[in-house]
Amino acid sequence: MKITSATPADLDRLLSFRKEAASWIGKLGSDQWSRPYPADRLQATIEAGTVFMLRDGERTAGTITLTAEAEEGLWSLAELDEPSMFVNKLTVDREYAGQNLGGRLLDWAGDRAYRASAKWLRLDAWTANTRLQQYYLEQGFEHVRTVLEGGAVNGGPRVSGWLAQRPTRSAEHGFTDETPSPEPMSI
């Protein structure tokens with residue numbers, strides 16, 4: 001399998017990934033991703049070069065977004081002073097479930113962040129999705145804190161404020177990486 005940068009042609013697949021994931025997660029009792037993600041926002045992240053696709057021949061097995069920008073209101077100023085990269089929208093096609101592709105994508109992201117001179121690989125997860133939180137803990141992340149206030153709409157409750165991080169490191173993820181080398185972060 002190989003990792004490539006997403007292109008505008010991937011937009012429909014990324015939107016369907018999210019819809020499929022929301023359906024699967026909903027069956028497990030979570031409302032995570034139940035609101036449709038705006039296509040224009042997703043297109044902007046593709047154009048910014050932060051969306052990556054895991055390809056298995058002609059099929060797309062998974063996707064991950066990796067950015068140097070943190071979501072506003074989650075991390076403290078001291079934490080933001082530490083070079084970090086942030087994981088978003090990690091999704092694996094259900095046909096590929098049980099193959100540890102999500103864990104390997106996280107290893108790839110940690111390796112990429114390491115090569116960019118980041119100290120931390122960070123993420124925020126749905127505050128009510130304890131299964132997802134446990135998954136990240138099993139992947140070596142440590143819970144930092146849970147932010148419940150300051151959501152995007154009028155400063156209301158935040159639904160994705162479970163914060164976790166793990167140190168970046170060189171990793172053998174087993175994918176062929178066809179993405180451009182990451183730009184070094186300023187330290």
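The values are calculated or read from the model by the stated rules, or taken from the named source; none is laboratory data. Every value quoted in this text rests on a predicted model; they were computed, and no experiment measured them. Using ideal geometry, Cβ is built from the backbone for each residue, glycine included, and neighbour counts are taken over all protein chains shown.
Quick check, is Ala78 in a helix (DSSP H, G or I) and either touching a helix residue (DSSP H, G or I) at 6+ places or on another chain (Cβ under 7 Å) or modelled with pLDDT of 90 or more (or both)?
Yes.
Determine if the stretch 32-43 includes at least one residue that is in contact with a Leu (Cβ under 8 Å, 6 or more places away or on another chain), part of a helix (DSSP H, G or I) and either modelled with pLDDT under 80 or aromatic (Phe, Trp, Tyr) (or both). Checked against the condition, which is being in contact with a Leu (Cβ under 8 Å, 6 or more places away or on another chain), part of a helix (DSSP H, G or I) and either modelled with pLDDT under 80 or aromatic (Phe, Trp, Tyr) (or both), the stretch 32-43 yields at least one hit.
Just one residue in the set Gly161, Gly151 is modelled with pLDDT under 95, surrounded by 13 or more Cβ atoms within 10 Å (Cβ to Cβ), in contact with a Pro (Cβ under 6 Å, 6 or more places away or on another chain) and under 27 Å from Leu15 (Cα atoms); that residue is Gly151. Take the residues in the stretch 46-68 that are within 12 Å of the chain's Cα centre (by Cα) and in a loop (DSSP other than H, G, I, E, B); name whichever of them is surrounded by the fewest Cβ atoms within 10 Å (Cβ to Cβ). Only one residue tops the list, namely Ala68. Looking only at the stretch 131-139, decide whether some residue is surrounded by 20 or more Cβ atoms within 10 Å (Cβ to Cβ), within 24 Å of Thr7 (Cα to Cα) and within 13 Å of the chain's Cα centre (by Cα). Taking every residue of the stretch 131-139 in turn, none turns out to be surrounded by 20 or more Cβ atoms within 10 Å (Cβ to Cβ), within 24 Å of Thr7 (Cα to Cα) and within 13 Å of the chain's Cα centre (by Cα).
So which residues in the stretch 90-100 are without any contact (Cβ under 8 Å) to a residue 60 or more places away in the chain and either in contact with an Asp or Glu (Cβ under 6 Å, 6 or more places away or on another chain) or at negative phi (or both), if there are any at all?
As a first pass, look at the stretch 90-100 and keep what is without any contact (Cβ under 8 Å) to a residue 60 or more places away in the chain: 90, 92, 95-100.
Correct list: Leu90, Val92, Glu95, Tyr96, Ala97, Gln99.
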